[in-house]
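For reference, the structure discussed in these notes is given below.
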Amino acid sequence: MSKFKTSRRGLLKGSASIAALAGTAAFFGPWRHTHVYAQGQKKPVKIGFTCDASGQYGNSGQDDLRGARLAIDEFNAKGGVLGRKIEWITADTETTPATGSRVAERFITREDCGFLIGAVHSGVANAITQVAAKYGTIYLNTNSSAPSEAGENCSRVKFVWDGNGTNFAKATVKNAVQSVGKNWLLLTNDYVWGHTTSNATKALVESNGGKVVDNLLVPQNTRDFTAYLLKVQQSKPDVVATAIGGDDIKALRTQVAQLKLEGKPAWINNQQDWPDIWGAPESLFGVFGTTWYHKLQLPGVEQFLKRWQASYKDGPIPVPGNVSYNGYMATKELLRAIERAGSTNNIAVIKQLEGLKVSATDRMQHYDAFMDPVTHQMQQTIYLARRNPKPADNSDYYEIVSWSEPKSVIDDAAAAKCKLVAYDQVPTFEL
Amino acid sequence: MFFDLLPHLLNGLTLGLLFALVALGFMLIVGLMEQINLAHGSLFALGAYFALVIVGGENSFGHLLGPAWHSIPLGLRYTTALVVAPIAVAVVGMGVELLMRRTYGKDPLFGLLLTFGAAMVLEEAIRGLWGTRDYVLQTPSAVSGGFIFQDLIWSTYRFYAAGIAAAAIGLVWLLIEKTPYGAVIKAGAHDNEMVRALGINLSRLRLFVFAFGTLLAAIAGIILAPIWGIRPHMGVDAVVPAFLVIVLGGIGSFWGAVIAALLCGMLVGLAGAYASEWSLLSIYILLILVTTVRARGLFGKKSLLEA
Amino acid sequence: MLPSPHASPRLVTPTIAIVLMLLVTVPFWIERIGLYPYIGVEILIWSIYALGFNLVLGYTGLPSFGHGAYFGVGAYAFGLAQFNLAPNLWLCLLAAVVAAALAGAFVSLFVSHRRGIYFALMTIAFGQVFWFISIKTHSVTGGEDGLLKIARLPVELGVAKFDLVSNLTFYYFVLASFALVLIGLWRLVNSPYGRVLQAIRQNETRVTFLGYSVWWLKASVFTLSAAISGFAGALFAMAQGSAFPDVMSLHHSGYIVMMTLVGGGLVSFWGPVLGVFAFLLTRDIIGAFTTAWMFWFGLFFVTMVLFKPEGLAGLIQDARAAISRRWPPAGAAVPVREPGE
């Protein structure tokens, strides 16, 4: 606001600031990585993990990361992928889309990551997808269960590895209408995921001869569910289906469990993430969905559990659940796809992933799984569980009630909404 | 039809009392020290976490107290937590007040910003110490579970919490209005020069008031934790209702804030029943409507904060 | 902050010229110091936002804790204009500015007669209302999924067309916008209007006695500030390729207050820009090493508020004053303590 006395001083100041800035940055040390490789050693493959470490999904984001890291460690122990070591880097996406964009840009342009992995919040996943699509970088959406991820927000470079709200609704509804009752009350979180899931539930209920007596909207950040619980008791439905997520379902869970309201009516929840439940098994209520459980009586599960505990026994969550499972599986299949493609060329890897078929044994699930090439969502076995009345040990929270074949729970509406760009419109590169 | 409405009215009332409890500490500091304490939410959270440690939540540093402590019945541990944790938080609160001293006399904006910064630091410290995961605060069976009334199941704990809230409000009012200490505190707010002239140590007074306000925030945190859950960012659940209640009720009026809290509770409760998608937004709309008509809120008095 | 009465500030001061020249060279060395072009884009966009915000906070003394709403409105308006009106860069930018200005004007109706804490709390309430609306009207805004596939529309100047898809070209576009806003605001704050705003900050009642309509002044500066924030929001929508409700949250509105204060917005025109640089660079550099960077920045913020509320700009001013005392400029008999910058 005041004038400079001399422009020379200004110039000196200007150059001094450049020097200071460069010097400070140098002090912090983030130089461009220039590795000199010994003869015969190949350049490593770098993966960026866009995982939340804070905010609403910080807990899940870190569990996701742990699962993915396990897959990388396993591959590196066998010599890496295509004979190249796998390096990884992570930064906190803070459950915030703007941070997701920045982290994605940083990973791609500064850190030379060829692949991005990690998502829980659909907004963050979408922000990252916009960036990844710009550069052609493959992005694995490991844990966002929004149906829109495989629907209107699908992308040629993005692959979805979690079951979404519609899959879980399909797994539960038909059976429940027939075996429990026809009068349903819906609790819907008032945002996109909630509405999409509840719409799917409603359509299924009605097509199976049931009736939706009421649909109560729950604004995001609702902490107090007493009004809803009173209405539920007043309406006396046979089934209450919740499309509630985030912190809200945690509050609802606690309050329902306190009232011991879980017996009648029957509660059907959507997917429950293992990190959200760890440490609070008594708050589990009703029937809920998951993509995997560590006590499934299937080949490979025990060994996987042992491998997990070798690395993470003393971590915050010493037992893997659906979130870490999805992270592990996605990373593993990506690395395998690279191996099959024989290169890191993104189009080649995309094509490998689009045709992906994984056997039940490899998936540690009951049915074979496959990637839907139109929507880029992994179609997998969907499990329904409830709180285990007779746990075998203090990590045995779930009692698995049923498992559904991927084809029977497929999200039919997604294919119509998803429009993938042509291969030649995706920038290509090779690490 | 009325019998359908009655449970929701009752729910609104209890919710209002809970809002009042949450706002109590914030209100005291605003009313008596004319400082907005944005760290209220983080101190609310800290109270819950300290209680978690004392009660002995899993993986929460509770093991530091030793197995002998954990064998004591839950009721005793819980009561101890209810007494000790707020005191510990009050100590932290005193630390914040000491920091705030430098901002007295300057633009009140600095006090606001300082508490905002303190809130962030505290929240990050909580996240660093206890991690990002959720915790559950166990409550003694005497106040847990449900009871049947009018053919509906109600949460025992909720009524216990509302009872504590009512008791806290009553006790604080008694302290401020009917005891000599209260008189000194109020005098300190209205005319601190005179108070100093009378030989009362004003800094100690302010320290005490701030400590008391944060103590109440911690108690609110402990009481609300079993209903609303414990996670690092839980403070926002407290700060938002607190300031809404204060502005709606009017700064400087104790019962104004209490009435505003009850009003908010009723609104959220009834909206939750009949227009659920607006239940949270309704209090913001109420706030905007009221302050447009009555600039100082329902019962506000002129205060330094308007300067 | 008031310039001396006989000073007639030039349109472009040497500081402005040097900073802009420096910023022009940034893409050439940004990767050498370990950063990347996108962060340059982000810093400039937030600088525009912060400069607009500081009109309200630093100059008029009104603590707005809900400014994220206008940034967000601008972002959404840009995207919606692109999809529903026409994919023309200038039209969409205009739509963003107009939408944000309208939002700001609407809110100013409710807050212009307040100040201090009441003002702050009302802006928080409105910020929450806007956030809520953006989540609720998800058929329009996309809700928490965001408004996606917002394209960086090309700059068409009749004779030439510049594609903004690459971060490099986009950076220059944002830089040009930043330069415009910078010079425009510099002119504004040094005009009579700007001086009255500062007078309001010092003593509102006295300004009323002088015959000004304080209400109109506060409403107009709030609206203008919202418009600039909306402009920044539109640029950010292009940067991200999408728009999300999160920027309207209380947290994010708090960030801009923090950045502006730490930088020294209360005493300096450049304060907000310094604050944005400090915050975003710290976040990126320290955030790469630890997820607890916010803790350290929070401590730094608290320290600043306690010991140097004049912020980074204040520190620089002190340093310059110290240098000026030590080495008086040639021709001056007595070192003049400049009234501040």
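Where a number appears in this text, it was derived from the coordinates with a stated rule and is not lab data. Note that the structure is predicted; figures quoted are calculated from it, not measured. Counting neighbours? That spans all protein chains shown, and the Cβs are built from the backbone with ideal geometry, glycine included.
What ranking do C:THR290, A:THR142, A:THR188 get, fewest neighbouring Cβ atoms within 10 angstrom at the top?
If I rank by nearby Cβ atoms, fewest first, I get C:THR290, A:THR188, A:THR142.
Share of antiparallel DSSP beta bridges in chain A, in percent to the nearest 5?
Details: 15 of 49 bridges.
Among the beta bridges of chain A, antiparallel pairing accounts for roughly 30 percent.
Could you tell me how many degrees, from 0 to 90 and to the nearest 10, lie between the Cα long axis of helix A:246-259 and the main elongation axis, the longest principal axis, of the Cα atoms of chain A?
Tilt of helix A:246-259: around 30 degrees.
May I ask for the distance between the Cα centers of the range B:140-165 and the range A:346-361, given as a whole number of Å?
So the separation of the two Cα centres works out to 54 Å.
How much mean residue ellipticity at 222 nm does chain B get from its helices, if each DSSP H run of length 4 or more adds -39500 (n - 2.57) and you divide by all residues, to the nearest 500 deg cm²/dmol?
That comes out to -24000 deg cm²/dmol.
Which of C:VAL26, C:VAL262, A:VAL287 comes first, and how do the rest follow, when ranked by fewest Cβ neighbours within 10 Å? Display every interim value, and only then the final one.
Values: C:VAL26 17, C:VAL262 29, A:VAL287 23.
The most exposed by this proxy come first: C:VAL26, A:VAL287, C:VAL262.
Based on the alpha-carbon gyration tensor of the range A:387-431, what equivalent-ellipsoid semi-axes (square roots of 5 times the eigenvalues) come out, in whole Å, largest first?
Details: eigenvalues 354, 75, 12 Å².
In descending order the semi-axes read 42, 19, 8 Å.
Count charges around A:LYS42 for me, please; just the other residues with Cβ under 11 Å from its Cβ, Lys/Arg as +1, Asp/Glu as -1.
+3
With the cut-off at 31 Å, tell me which of the pairs A:LYS43/C:LYS161; A:LYS174/A:LYS390; A:LYS419/C:LYS161 have Cα atoms farther apart than that. Don't skip to the answer; put the middle values down first.
On the way: A:LYS43/C:LYS161 39 Å; A:LYS174/A:LYS390 27 Å; A:LYS419/C:LYS161 29 Å.
Table pairs above 31 Å Cα-Cα are A:LYS43/C:LYS161.
How do C:ASP246, B:ASP151, B:ASP237 line up, fewest other C-beta atoms within 10 Å first?
The fewest-first ordering by Cβ neighbours comes to B:ASP151, B:ASP237, C:ASP246.
Taking +1 at the Cβ of each Lys and Arg and -1 at the Cβ of each Asp and Glu, which of B:THR292, B:MET234, B:LEU267 sits farthest along the dipole of the range B:228-307 towards its positive end, judged by Cα position relative to the Cα centre?
B:THR292
Between A:GLU399 and C:ARG320, what is the spin-label point distance in nm, taking each point 7 Å from the Cα along the Cα→C-beta axis?
7.4
Just to be sure I understand the model, the point goes 7 Å from the Cα along the line to the Cβ. What's the resulting A:LYS211 to A:ASN388 distance in nm?
So the label points at A:LYS211 and A:ASN388 sit 4.0 nm apart.
Which ³J(HN,Hα) values, rounded to whole Hz and listed in residue order, are derived for the range C:151-156 from phi using the Karplus coefficients 6.51, -1.76 and 1.60 in 6.51 cos²θ - 1.76 cosθ + 1.60 with θ = phi - 60°, glycine and proline given as x?
After applying 6.51 cos²θ - 1.76 cosθ + 1.60, I find 8, 7, 5, x, 7, 10 Hz.
Using the alpha-carbon centroid of each, what span in Å lies between the range C:263-326 and the range A:118-151?
Cα centroid of the range C:263-326 versus Cα centroid of the range A:118-151: 35 Å apart.
Kindly point out, ordered by number, any Cys in chain A whose beta-carbon has no other cysteine beta-carbon under 4.7 Å away.
A:CYS51, A:CYS113
Indicate the gyration tensor shape class of chain A (rounded, prolate or oblate), computed on the Cα atoms with a ≥ b ≥ c the square roots of the eigenvalues: a/c under 1.5 is rounded; otherwise a/b larger than b/c is prolate and the rest oblate.
prolate
Applying 1/(1 + (r/R0)^6) with R0 = 41 Å to the Cβ-Cβ distance of C:VAL12 and B:TYR104, what FRET efficiency is obtained, to the nearest 0.05? Display every interim value, and only then the final one.
On the way: r = 41 Å, r/R0 = 1.01.
Plugging the Cβ-Cβ distance into 1/(1 + (r/R0)^6) gives 0.50.
In deg cm²/dmol, rounded to 500, what helix-only [θ] at 222 nm does chain C give when every DSSP H run of at least 4 residues adds -39500 (n - 2.57) and the total is split over its residues?
Working: 14 runs with 228 residues, N = 341.
Dividing the helical sum by the residues of chain C leaves -22000 deg cm²/dmol.
Please report, ordered by residue number, every helix of chain B (full DSSP H runs) that is 24 Å or longer along its axis going by C-alpha atoms and whose mean Kyte-Doolittle hydropathy reaches 0.0. Show your work: numbers first, answer last.
Details: long enough: B:2-33 (44 Å, 1.97); B:74-100 (38 Å, 1.71); B:108-130 (33 Å, 1.24); B:156-178 (32 Å, 1.12); B:202-228 (38 Å, 1.80); B:254-274 (30 Å, 1.93).
Flagged H segments are B:2-33, B:74-100, B:108-130, B:156-178, B:202-228, B:254-274.
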